[in-house]
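First comes the structure, then the notes that go with it.
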Amino acid sequence: MMQINSEYVVKNHRRQLFFGGFLLMLSLMCVAMTVLFLFVSNSANQRVEEIRQQYRTISERREARVAELTSQLVALQNKLEGTVKHPVSNPADKGKPAEGDKSPPQPKR
């Protein structure tokens, strides 16, 4: 009778040891995957931050260039407004129609 019980106890312990080892391996896999995920996530976040910094730098250069071109445009507009004056019309020219205002000759009927 002792033999049967001891054989049953050994099989039961083997099953429990196998099941415990299996769960331990699953736990170690989960820990390894978590560490791997954190590492990949951290490196991806660093890369995203580097890309954002590059785009900030590019944006700042573009804004500086736009500001420079805007100031140049304002300066050119001021020069243009200062040099271009409306021509003063002579009273003698008022009686003559301008060349563009002449109507084409009418055909004879």
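Spacing of the modelled spin labels on Glu7 and Ser27, each 7 Å from Cα toward Cβ, amounts to 3.3 nm. Couplings for segment 24-29, taken from phi via the Karplus curve 6.51 cos²θ - 1.76 cosθ + 1.60 with θ = phi - 60°, read 5, 5, 4, 5, 5, 4 Hz in order; Gly and Pro are left as x.
Computed from backbone phi with θ = phi - 60° and the Karplus coefficients 6.51, -1.76 and 1.60, the 3J(HN,Hα) list for segment 6-18 is 5, 5, 5, 5, 5, 4, 5, 5, 4, 4, 5, 5, 4 Hz; x is used for glycine and proline.
Each reported figure results from applying straightforward, stated rules to the coordinates on display, with no laboratory input. These figures come from a predicted structure and were not determined experimentally. Here the Cβ is made from the backbone with ideal geometry for all residues, glycine too, and neighbour counts use every protein chain on show.
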